[in-house]
Amino acid sequence: MTRLDDGRRRATKATAAWILCSLLAFLAAPIDMRADEPREADSVAAGDIATDAVLVEIYEGLPTADTWEFELATPTESFTQTGFALADLPKKYTSSGVIADRSNPFLVRLSLKQRVAAGQSDLLLRARGAARLLVDGQIVAKTNFVNRNASGHEEVPQLAQPQHAGMRPLSPGLQERMITLALDDQEHVFRLDIIVGGKGLRAEIGELCVAIGGKGEPLTLLAAAGANPIPLTDDAWALYANRCYKQLNEMDARNRKQAATETEEYWEIRHDIARREIAEQPALPLPEIPLEIPVHNAVDHFIGARLVDAGVRPAHLTDDYAFLRRVTLDTVGVIPTPDEIAAFISDDRDSNRRGRVIDRLLDDPRWADHWVGYWQDVLAENPGILKPELNNTGPFRWWIYESFLDNKPIDRFVSELVMMEGSRYGGGPAGFAMATQNDSPMAAKAHVLGQAFLGLNMTCARCHDAPYHPFKQEELFSLAAMLDRKTISLPATSTVPTTPGARKPLVEISLKPGDKIEPHWPFADLASSDLPDGVLRNSDDARERLAALITSPHNARFAQVIVNRLWQRYMGRGIVEPVDDWEVATPTHPELLDYLARELVLHDYDLKHVARLILNSHAYQREVRRDGSDEDLSVVRLYASPTRRRMTAEQLVDSLFAAAGKQLNTEPLTLDPDGRRPVETFLNLGTPRRAWEFTSLSNERDRPALALPAAQSIVDALVAFGWRDARPNPITVREETPTVLQPLTLANGIVGSRASRLSDDSAVTQLCLQDMPVEQLVERVTLLLMSRRPADDERTMFVELLADGYETRKVAAQKTDSEQRTIAKRNAVSWSNHLSAEATKIKLELERAAREGDPPTKRLQPDWRERMEDVVWVLINSPEFVFVP
């Protein structure tokens, strides 16, 4: 390169100085924003903007064109927070309290009055879509509207490099603008507007933030006065995002309740009617049983009477450690933590400590997580992240989750499902209505509802009269007509074709293509079509009438089916078995079934009330007999001993990661992370935190560039243990046959490797770094993984394995650099460029990294660390780990 002479250098410096002065003068000068500023009735005047909180406002009703030329009315929602950044937004709710859609697009505005240090400051704006940052009313930085994409032929873009060491890298799909401003030490009004979504785009906020710092210095998030500084680093952002999610969850709970005030009043009336109806019926007397039969509550009276008649002795109570592991898995879906175990074991106030722990677990928000996977199977929730309208359902999983989080009465839960209102793709029960490319979608939904809540298996009635059940095809389609709110015609594809003169089919065909089916209730034997006054809000709505008839207290089958589902889940076998096909079975304990159903209705259809009765019973708390005889299965059928159950796939995966103290740490479940395609083409199910949040990751072309390797490793483990990545049909009981793939998955799979690997984020690593005798370490690791103290032979074996080198196990080293793992998942591959060879290369490398698992910690001697990993591996691969005690 030719050296510049002194004159040219002076000229270059002068030119640069002139440019800088001109830029500062431009920024300081008044700007005419009339052609580039939303016209509005200001919701908050500059003088009303606070310094101690960031005001966030949401405006709906924007034009779909890419423009800033529009008028704003008053905000539809507003809230305050401490940081000038958003990781997500609160949900919108209907008057029923179910998730609704905002207009697409909508505008989000953040406002804050803040005093900053005098001098030059760097301001960084990051946004997914079109955004504008204003300081004292002047636009200082802008990002562009999203470039929509219709193919996969783009080149994979280069990842943006952080502008400061340690700074959080820019996530793919986001834009950033860095500017320098000269500010005085007066209060300044900061305002950020971003247009979220747009025509042909999903309405997603992405990571939105403004960070500030001295010229050339590390940046922190712009925040309210008095807030702790939040560096723009990966770790700090993760903590901030978690705080945001917690705040948003609390806001969502309040907003749901507030939105549904009138609906709550309606259900209070409904439940008052139901209680009166049931109270008029005589209560069942409790059976008398001998004193030697153990009794904890009314449930045991009904169970004990049958045991006496059969001459079967019940098993003894299980020990405290096994009980706690069992009840924690059955209520919140994961094994108990060491702190939970210690609190339970040390509780010696009286004999009711089991009852207290049951109450605590039933109040745990993880109760909701544990129910979602169950109802996903029962209701055939089947979202597809690619082409979600391709005969899939919408992702109504978040409505299921919020329903159980709020402990919604089960009759209201069912009614909301039947009404199918709210958001189609955003998590509302409207997603249940989706069944495109189906000749009669509502017939498919009627089949699901009948099987789930009435125990009516009408599978065969979809195309003809059922040969082994007393169901006519017209009965199924009359329910479909009620759901469709109109008379429907039988499609030709929903019947068995016949040819004149040909052999008569073995099945009965009572409907012909084109026959008209009226909306009416066909099951008078279950419940009369008449309903009490006050039950229907709109008597002309056939769909609402169907919901009321299913959940009516006159329909005894509904409450019985629900309590039977709880009983089967906790005891391993239903009082009626199978639980979803009552026409081929009779109850083993009809009086107990009636009692539990009555309790459900009298307590406003509260599932937790019935769960509390079952979990507190001696029958539930008995030890599992392992002698193999089972007295001709009478032990199981009469509940003298619980059925031995394997963990569900979700329980197993969640427990492995919970015990290891690790996050699932996968990619977001979308093939369009840039957000450049519409929701009708690509879903974004977010980054999973529990196993129920996964779905099928298949793509129509099975291209490596569209793979999600980290998520796929967890999906593979779930599938091996009976989870379904696709749910085209409803089921209650999964395939539970043991396969050779199951132990191989735990022993050699990625999930098992991650759980046993002592990485820096491992809970076992943290234990190993503490100062304690090796015997105590063995005790605590066994308690962490197995929820019990080690047996004598285990203790001896593990201590001998770990004693050598134990005193010198720790290494004075820094934490393993986690940046490489973060960058490994930060890639710019998406649908827009998946046909590029570079995209395939990147994803194959990510798959290789996923197979390697978590990097081992450098703070423990490698040889000793590997021996401890062997201890963890042995424990999680024991049959005891995967079975409910």
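Share of the range 488-528's accessible area from carbon and sulfur, percent, 1.4 Å? Ligands and nucleic acids excluded, carbon and sulfur give 57 percent.
Against the chain, whose longest principal axis comes from its Cα atoms, helix 410-419 is set at around 70 degrees. Compactness of the range 655-789, taken as the C-alpha radius of gyration over 2.2 N^0.38 Å, stands at 1.28. Taking Cα centroids, how far is the range 269-323 from the range 484-520 in Å? If you average the Cα positions of each part, the centres end up 47 Å apart.
With only Cα atoms counted, the range 751-885 has Rg and Dmax values of 18.4, 59 Å.
Between Asn352 and Asp716, the FRET efficiency estimated from the beta carbon spacing at R0 = 41 angstrom works out to 0.40. Note on the range 287-370: with neighbouring protein chains present and a 1.4 Å probe, carbon and sulfur make up 52 percent of its accessible heavy-atom surface.
Under the simplified labelling scheme, the Thr487-Arg644 pair shows an inter-label distance of 6.0 nm, with each label point 7 Å from Cα along Cα→Cβ.
With all projection directions averaged, the alpha carbon convex hull of the range 244-379 covers 13.5 nm². When only alpha carbons are used to place a centre, the range 209-263 and the range 376-405 end up 28 Å from one another. So what's the angle, to the nearest 10 degrees on a 0 to 90 scale, between helix 298-310 and the longest Cα principal axis of the chain? The angle comes out at about 40 degrees. Taking only alpha carbon atoms, the range 419-569 gives an Rg to Rh ratio of 0.99, where Rh is the Kirkwood radius. Seen through its C-alpha gyration tensor, with square-root eigenvalues sorted a ≥ b ≥ c, the range 77-224 comes out oblate because a/c lies at 1.5 or above while a/b is not bigger than b/c. For His316, the residues whose amide H sits under 5 Å from its own are Glu623, ignoring neighbours fewer than 5 places away on the same chain, with H placed 1.01 Å from N.
Place a label point 7 angstrom from the Cα of Met178 along the Cα-to-Cβ direction, then list the residues of the range 112-139 whose backbone nitrogen is under 17 Å away. Residues 120-127 fall inside that zone. Find which of Val882, Gly752, Ala118 sits farthest along the positive direction of the dipole of the chain, computed with +1 on the beta-carbon of Lys and Arg, -1 on that of Asp and Glu, about the Cα centre. Looking along the dipole axis, the top candidate is Ala118. The shape of the range 204-249 can be summarised by an equivalent ellipsoid whose semi-axes, obtained from the alpha carbon gyration tensor, come to 20, 12, 10 Å from longest to shortest. Here is the P(r) of the range 520-590: all C-alpha pair distances, binned every 5 Å from 0, give 3, 16, 22, 19, 15, 12, 9, 4, 0 in whole percents. Sorting the segments 587-595, 469-477, 153-161 by their mean number of nearby beta carbons within 10 angstrom, highest to lowest, gives 469-477, 587-595, 153-161. Just the accessible area per residue of the chain, please: how many Å² with a 1.4 Å probe? Value returned for the chain: 44 Å² of accessible area per residue.
In order along the range 465-478, the Karplus-derived 3J(HN,Hα) couplings, from 6.51 cos²θ - 1.76 cosθ + 1.60 at θ = phi - 60°, round to 5, 5, x, 10, 9, x, 10, 8, 4, 4, 5, 5, 6, 5 Hz, and Gly and Pro are given as x. When the listed pairs Lys387/Lys445; Lys199/Lys486; Lys92/Lys608; Lys408/Lys662; Lys91/Lys408 are checked against a 23 Å cut-off, the alpha-carbon distance exceeds it for Lys199/Lys486; Lys92/Lys608; Lys408/Lys662.
Which distance in nm do the two modelled labels at Asn748 and Thr499 give, with both placed 7 Å along the Cα-to-Cβ direction? It is 5.1 nm. Kirkwood hydrodynamic radius of the range 394-486, from the reciprocal of the average inverse Cα-Cα distance over all distinct pairs: 13.9 Å. Dividing the convex hull volume of the alpha-carbon atoms in the range 460-520 by its residue count gives 73 Å³ per residue. A simple spin-label model places pseudo-atoms 7 Å from Cα toward Cβ; at Leu536 and Lys246 they are separated by 4.8 nm.
Placing R0 at 30 angstrom, the Cβ-Cβ distance between Asp725 and Glu845 gives a FRET efficiency of 0.80 after rounding to 0.05.
What the Kirkwood sum gives for the range 836-885 is a hydrodynamic radius of 14.0 Å, with every pair of different alpha carbons counted. Which number do you get for Rg(Cα) / (2.2 N^0.38 Å) in the range 153-242? That ratio works out to 1.26. Computed from the C-alpha gyration tensor, the three semi-axes of the ellipsoid equivalent to the range 233-321 are 47, 29, 7 Å, from longest to shortest. On the beta carbon distance between Arg734 and Asp364, with R0 = 30 Å, the FRET formula returns roughly 0.80. Dividing the convex hull volume of the alpha carbon atoms of the range 548-688 by its residue count gives 203 Å³ per residue. In the range 372-460, the portion of solvent-accessible area held by carbon and sulfur atoms comes to 52 percent [1.4 Å probe, whole percent, DNA, RNA and ligands not counted].
Rounded to the nearest Å, what's the spacing between the alpha carbon centres of the range 62-140 and the range 414-459? Just the number, please. About 36 Å separates the Cα centre of the range 62-140 from the one of the range 414-459. Ligands, DNA and RNA excluded, the heavy atoms of Met167 present near 10 Å² of accessible surface to a 1.4 Å solvent probe. Straight-distance candidates among the lysines for linking to Lys843, with alpha-carbon spacing under 16 Å and chain neighbours fewer than 8 residues away dropped: Lys825. If only the Cβ of Lys and Arg carry +1 and only the Cβ of Asp and Glu carry -1, the dipole of the range 235-340 around its Cα centre is close to 260 debye. Computed from Cα atoms, the angle from the helix 590-602 axis to the main principal axis of the chain rounds to 40 degrees.
Across the chain, the volume of the C-alpha convex hull divided among the residues equals 223 Å³ per residue. Computed over the range 717-781, the Cα gyration tensor eigenvalues convert (square root of 5λ each) into semi-axes of 35, 12, 12 Å, ordered from largest to smallest.
The values are calculated or read from the model by the stated rules, or taken from the named source; none is laboratory data. Everything numeric in this text was worked out from a predicted model, so none of it was measured. Positions of Cβ are backbone-derived with ideal geometry, glycine not excepted, and every protein chain shown enters the neighbour counts. Accessible surface areas use protein heavy atoms only, side chains included; no ligands, DNA or RNA. Shrake-Rupley method; radii C 1.70, N 1.55, O 1.52, S 1.80 Å.
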